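**Student:** I have a structure I would like to understand better, so I am pasting it below and will then ask my questions one at a time.
The values are calculated or read from the model by the stated rules, or taken from the named source; none is laboratory data. As the structure is a computational prediction, the values presented were derived from the model and not from experiment. A quick note on method: Cβ atoms are made from the backbone with ideal geometry, for glycine too, and the neighbour counts reach across all protein chains shown. Quick note on the areas: whole protein, heavy atoms, side chains included, nothing else; ligands and nucleic acids left out. Shrake-Rupley method; radii C 1.70, N 1.55, O 1.52, S 1.80 Å.
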Amino acid sequence: MSRRILSGLQPTGDIHIGNYLGAIQQWVELSRQYDGFYCVVDYHAITAQHEVELLQQRSFDAALQFIAAGVDLERSEIFIQSTVPEHTELAWVFSTITPMGLLERMTQFKDKSRKNNKNINAGLFTYPVLQTADILLYKATDVPVGEDQAQHIELAREITQKFNNRYGELFPEPRTLITQARRIIGLDGKNKMSKSLNNHIAIMDTDEEIAAKLRSAVTDTRRVRLTDPGEPTDCNIFALHDFFTSPEQREEIATGCRNATIGCGECKKILADNISSFLTPLRDSISDLQQHPDTVRDVLQRGTARAGELARETMAEVRSRIGIR
Ligand code: TRP
Ligand code: SF4
């Protein structure tokens, strides 16, 4: 059977190096090997407090950044979820076969409810049902996601089985492709890098912004004075060097840190320079697309058309299976 990818991109505005290294880079890699659908999930985004005037632009920007990252446009369709209304239609059907008990177990729901206990809405609760619809509408076989989404894809498989058992085999069970090989810790040295914690470096940050953010980033706390030796393996700055710095240069830094011949300031400056050169081509293609938004619009329009075709086909099958014509 030919395999097909589906994944969902959050329209969260600027992506940061954590998203980029943790997910996007690997999705771009996968996009060369499989046919894929990549959906900017604006209907998911409204389950949290959002800025109404910004949502459309953010969705567009998410698509733009993904295209700039080099996704293979020969094999991939990129589109905005709300432009294919069958997503919400299928989500309704799935919500009628999803046990409440399964949704109650979702750790993301529990986390989000705890963090935002003034807005625990039903959409937040059924969020993974819409996610399942995103996947099955295209009969996707493979879903690249970070570790934190594994439970949702597991649930998608359970919904798939329930549908197939009740209405006859229609959907393949989607497999999870874990793409977040490593957790990328933010500049606070504690939490996963995330925009909401403001411990991130955005890919569109300028060289000066990157340097400034790194200057105030947490290092090995044993290095109070320049003469105090440090331990690179206890330092998140060193962990970041892993992604951007050559092994030889890393070796030098590690030794220098351990015998206190290199200061944290210098170490961070090297990192800032390396991150800047790493990001330059990406930032260039983003600015390039920002100057040619029609290119992005064309990609999205084609995406909506192709996705819509498949979605309507699937929805017709679903309707007939459930006795609605
Ligand atoms: N819930 C995913 C996240 O928070 C985004 C998403 C929505 C998704 N629909 C999807 C991911 C379908 C994979 C497949 O990152
Ligand atoms: Fe971390 Fe570098 Fe300072 Fe060592 S020198 S503690 S690796 S920032």
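**Student:** Distances longer than 32 Å among the Cα atoms of the chain: what percent of all pairs is that?
**Tutor:** Result for the distance tail: 36 percent.
**Student:** Let me ask something additional. Loop-only check: which GluC sites (Glu not before Pro) in segment 113-184 are DSSP coil with at most 10 other Cβ within 10 angstrom?
**Tutor:** GLU169
**Student:** Okay, next question. When DSSP beta bridges are limited to those with both residues in the chain, what percentage is antiparallel, rounded to the nearest 5?
**Tutor:** Bridges in the chain that DSSP calls antiparallel: roughly 10 percent.
**Student:** Per residue, how much accessible area does the chain show when a 1.4 Å probe rolls over the protein heavy atoms, in square angstrom?
**Tutor:** 49
**Student:** State, to one decimal in nm, how far the label point of LYS118 lies from the label point of ASN198, with both points 7 Å from Cα in the Cβ direction.
**Tutor:** Distance between label points: 1.8 nm.
**Student:** Figure the gain on full extension for ASP72 and VAL52 (residue separation times 0.36 nm, minus the Cα-Cα span) and round it to one decimal in nm.
**Tutor:** That pair, ASP72 and VAL52, stretches by 4.1 nm at full extension.
**Student:** Can I ask one more? Connecting C-alpha atoms closer than 10 Å in a GNM of the chain, tell me which of VAL52, VAL41, VAL145 has the biggest fluctuation.
**Tutor:** So, out of VAL52, VAL41, VAL145, the one fluctuating most is VAL52.
**Student:** Additional query: Anything over 31 Å Cα to Cα? Flag those among LYS115/LYS268; LYS112/LYS139; LYS139/LYS213; LYS112/LYS190; LYS162/LYS192, in the order listed.
**Tutor:** LYS115/LYS268; LYS139/LYS213; LYS162/LYS192
**Student:** Treating the beta-carbon of each Lys and Arg as +1 and of each Asp and Glu as -1, no other charges, what is the dipole magnitude of the chain about its Cα centre, to the nearest 20 debye?
**Tutor:** 1100
**Student:** So, one more: Among rounded, prolate and oblate, which fits segment 1-101 when a ≥ b ≥ c are the square roots of the eigenvalues of its C-alpha gyration tensor, a/c under 1.5 means rounded, and a/b larger than b/c means prolate?
**Tutor:** oblate
**Student:** Sticking with this one: Taking 0.36 nm per intervening residue step and subtracting the Cα-Cα distance, what contour gain separates LEU102 from SER216 on full extension?
**Tutor:** 36.8 nm
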